[in-house]
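The values are calculated or read from the model by the stated rules, or taken from the named source; none is laboratory data. As the structure is a computational prediction, the values presented were derived from the model and not from experiment. Reconstructed Cβ throughout: ideal geometry from the backbone, glycine too, with neighbour counts over all protein chains shown. Protein only, heavy atoms only, side chains kept; ligands, DNA and RNA dropped before computing areas. Shrake-Rupley method; radii C 1.70, N 1.55, O 1.52, S 1.80 Å.
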Amino acid sequence: MPRRSKHKLAERFQETALRLEKALGLGGPKTDRFIEKLSNQLSPLLENLETTILATQSLPFGLSKKMFQVYLKEIASEAGISVQDLMTVSQDLLKLLREWFRPEEMKGTLVRLGGLLLLARREGKTDEFGMDPALVEALAPLFQFLYEDYWRLDVKGIGNIPIRGRCLLVANHSGGIPFDGSMVTVACLNEHPSHRNVRFLVEDFVYHFPFMGTFMNRLGAVRACPENAVELLKRGNLVLVFPEGVKGLGKLYSERYQLKRFGRGGFIKIAIQTKTPIVPVSVIGAEEIYPIIWKSSLLAKALGIPYLPVTPTFPWLGPAGLIPLPTKWRIQFGKPISFKNYKPAQAEDGLLVQNLTEQVRGEIQKMLADGLKRRKSVWVG
Amino acid sequence: MAKPSTAGRNSAPPWPNIAITGTASFLGSALLKNLEESPRAGHLLALDVQPPPFRLNKAGWKKIDLTETGVDQKLNDLFRKHRVEILVHAALLNKPIRNLEQSHELQSVGTMHLLTAAAAAKVGKLILASTTDVYGAFPDNPNFLTEAHPPRAGQLSSFLRDKVEVEEQFLKFQKEHAEAAVTLLRPATILGPTVNNFKTHFLQNPVIPSVMGFDPLIQFVHEQDVLRAFLKVIHENHPGLFNIVARGVLPLSRAIRLAGSAPLPLPSFILYPSAELLWNLNIGAVPGSHLNFLKYLCVADGKKAWKELDFKPVYTSEEALLSFKGRELKAGEMARRLKELENAKAE
């Protein structure tokens with residue numbers, strides 16, 4: 001399928017993003033300084049909040065309000081404007097967003113989407129790994145919107161993915177919510193000559209949560225474990241893994257694009273055992289959609305989750321804080337690495353596995369570095 | 001003394017003598033009935049505290065209580081007297097009971113007595129009716145649990161821990177008696193027109209509680225398919241451990257809808273304590289920990305049985321559920337599939 005010419009919506013958004021960048025200096029080195037300052041300012045308060053919540057088992061609203069004021073003041077001073085001006089800018093921004101989303105036009109889409117979702121629910125048929133094709137179809141317009149207009153994806157090297165047969169995609173991971181998995185999936189579906197379906201593996205902690213795990217599973221994600229990866233590959237699937245796992249998902253903003261440890265090399269073992277080629281993938285843009293400035297491990301423990309992220313918008317703005325930032329994304333598929341010449345027994349060779357793991361990790365880190373060097377702006381690429 | 005009769009199955013001699021425990025319950029009685037109706041059946045020994053639920057023609061029922069002291073000697077005498085060559089153990093509890101001691105005595109200790117007797121009488125082949133529930137439902141289960149995966153359900157309840165222990169005893173028996181053929185079959189939740197257990201009761205409720213935000217994939221197996229699998233390992237020698245499951249999985253929510261019930265999603269922090277309370281109050285059917293089966297995956301991989309036993313289920317999971325709700329496969333469709341399986345075998 002030839003790449004659709006960019007939407008008018010996307011163009012308009014591009015302009016908005018540029019204006020934002022000019023007005024507030026968002027996305028450049030100024031943002032980094034700002035976020036650093038913000039996290040320095042907020043960290044003591046947040047730690048205070050954490051202990052208070054744990055001690056009183058309740059949410060101290062007064063304190064979070066205080067924090068919100070600190071936060072607003074910080075933003076304003078960084079942008080070199082008064083709090084009053086900031087409010088005006090925010091209102092302008094809201095106006096732009098409203099215009100951009102065009103509620104009157106979106107209404108029809110939303111109603112259709114709702115209808116399809118209800119239908120999908122009533123059927124509830126899934127494949128053997130839990131994907132609900134009707135739900136995927138119902139949500140396709142939303143993901144296409146994110147892909148085409150919101151994050152305006154640029155995809156390179158799609159030809160490195162084989163036309164058919166099993167293949168392991170290995171990518172950097174980030175973003176708090178695995179949107180990167182969904183976008184790589186849409187990329188392969190849209191751009192690949194045989195419109196391949198991707199099954200991506202997500203960390204098991206997702207399955208401890210209500211709704212989230214089931215929802216991801218119905219969309220086609222499968223719990224990350226060697227057994228599932230092998231089974232999917234044996235059936236000839238294109239499987240996407242994030243060896244950084246939850247450590248990658250919860251990266252701080254300051255650690256973005258620095259790859260974490262690649263697990264224990266499980267994906268290499270699988271590639272050797274099943275003689276599956278690996279295609280390294282770099283995803284640029286996803287690591288800024290939720291700039292995590294601080295993580296609460298104490299509270300997370302109490303909630304039974306790996307980490308509780310704090311971003312400039314979450315949890316202050318409530319659910320609205322979960323809206324990811326509209327960065328510009330680039331996905332690059334690297335040259336495939338063949339595992340044909342290894343014997344299955346070599347999967348037990350720890351040193352070999354570690355070396356190969358490092359090789360793949362290095363490949364992705366290099367692709368990231370190259371891509372970042374070429375990128376001029378977080379928002380327009 | 002009886003010897004395992006591996007040879008001669010295809011020639012004229014009658015089938016070996018078979019003892020079945022738990023013949024008053026669904027699986028044991030269905031198996032007994034099927035074997036009785038076969039013209040070539042050898043001697044059949046039905047062992048249970050209660051007589052089988054139908055009139056026996058050839059088989060003999062002996063009242064056996066596996067929790068009694070001295071039951072091992074009694075069993076040994078019976079096995080020797082009737083030259084029992086095959087022992088099918090289907091006398092495990094099909095629902096959790098509150099009397100944990102009795103549950104343990106019957107399942108774990110009862111099996112010990114049975115195996116002691118089988119070893120003394122040199123029974124050549126042992127078959128255990130276990131369940132895929134022994135894997136347990138956990139958030140870190142792979143989508144398809146193979147026989148290589150350790151059974152972890154012991155963490156959930158003593159009822160399931162006893163079942164795991166029973167399996168362990170059978171596996172130990174195989175290690176110590178290499179000459180015997182020990183087969184463990186783990187069927188998934190059995191559904192069909194005649195089966196009756198705590199899970200079928202659960203699916204018959206007009207309103208079925210579910211865990212809010214969780215909708216695990218589940219699988220079933222049809223009673224006829226389970227019977228075919230058991231007959232297969234009775235007639236042929238296939239030592240080892242096998243999952244016996246239907247093809248296909250379905251989300252719990254869909255299963256509830258197909259069963260004609262309405263789901264009642266409740267948050268787990270309410271559901272678990274209330275289920276535990278109801279269980280302790282003698283009202284609930286299962287301990288709270290069993291709600292894990294409504295929350296997490298416990299789906300077994302049936303490929304080993306398909307390959308090594310050449311056991312192919314006729315019904316899919318969904319069809320097994322529909323059959324249980326009285327919506328059978330059309331007779332023509334059923335015959336076509338069975339014929340297909342036969343043909344595949346012939347090739």
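Pairs to check: B:LYS33/B:LYS325; A:LYS343/B:LYS175; B:LYS122/B:LYS304. Give those whose C-alpha atoms are more than 25 Å from each other in this structure. All intermediate terms of the calculation are to be shown ahead of the outcome.
Working: B:LYS33/B:LYS325 23 Å; A:LYS343/B:LYS175 32 Å; B:LYS122/B:LYS304 28 Å.
Exceeds cut-off: A:LYS343/B:LYS175; B:LYS122/B:LYS304.
Local charge sum around A:TYR342 (other residues, Cβ-Cβ under 14 Å, Lys/Arg +1, Asp/Glu -1)?
Numbers: positive: A:LYS269, A:LYS275, A:LYS340, A:LYS343; negative: A:GLU348, A:ASP349.
Around A:TYR342, the surrounding residues sum to +2.
Which order, highest average first, do A:230-238, B:62-70, B:44-52 follow once you tally other Cβ atoms within 10 Å for each residue and take the mean per peptide?
Ranked from most to least packed, the peptides come out as B:44-52, A:230-238, B:62-70.
Write down the Å³ per residue value for the convex hull defined by the alpha carbon atoms of the range B:245-347. Mind dumping the intermediate values first?
On the way: hull volume 13.2 nm³, N = 103.
Convex hull of Cα atoms, per residue: 128 Å³.
Where in the range A:122-169 does accessible area fall by at least 20 Å² between the isolated chain and the complete protein assembly, at a 1.4 Å probe radius?
Residues passing the criterion (a loss of at least 20 Å², heavy atoms only) are A:ARG122, A:GLU123, A:GLY124, A:LYS125, A:THR126, A:GLU128, A:PHE129.
Give the distance, in whole Å, between the Cα centre of the range B:113-179 and the Cα centre of the range B:267-321.
If you average the Cα positions of each part, the centres end up 17 Å apart.
Name the residues whose placed amide hydrogens come within less than 5 Å of the amide hydrogen of B:VAL182, ignoring near sequence neighbours (fewer than 5 apart) on the same chain.
Under 5 Å from the amide H of B:VAL182 lie the amide H atoms of B:LEU126, B:GLY240, each far enough along the sequence or on another chain.
Accessible area drop of at least 30 Å² (1.4 Å probe, protein heavy atoms): which residues of the range A:228-269 qualify, relative to the chain alone?
A:ASN228, A:GLU231
Within 10 Å of each Cβ in peptide A:200-206, how many partner chain Cβ atoms are there on average? Round it to a whole number, please. Show your work: numbers first, answer last.
On the way: counts 0, 0, 0, 0, 4, 2, 1.
Taking the mean over all residues of the peptide, I get 1.
Quick one: helix B:268-280 against the long Cα principal axis of chain B, what's the angle to the nearest 10°, folded into 0 to 90?
50 degrees
Under 8 Å for C-alpha pairs, at least 6 residues apart: give me the relative contact order for chain B, rounded to a whole percent. Before the final figure, lay out each step's value.
Numbers: 659 pairs, mean separation 59.3, N = 347.
Taking the mean separation of contacting Cα pairs over the length of chain B, I get 17 percent.
Within 10 Å, count the other beta carbons around each residue, average over each peptide in A:357-370, B:175-188, B:313-326, and list them highest first.
Ranked from most to least packed, the peptides come out as B:313-326, B:175-188, A:357-370.
Taking Cα pairs under 8 Å and at least six residues apart, what relative contact order does the range A:145-208 come out at, in percent? Kindly include the intermediate steps, with their values, before the conclusion.
Values: 34 pairs, mean separation 19.6, N = 64.
Averaging sequence separation for qualifying contacts and normalising by length gives 31 percent for the range A:145-208.
Once the convex hull of the alpha carbons of chain B is built, what does its volume come to per residue, in cubic angstrom? Working shown, then result.
On the way: hull volume 47.6 nm³, N = 347.
Once divided by residue count, the hull of chain B is 137 Å³.
Mind grabbing the accessible area of B:ARG98 for me, 1.4 Å probe, Å², rounded to tens?
Looks like 90 Å² after rounding.
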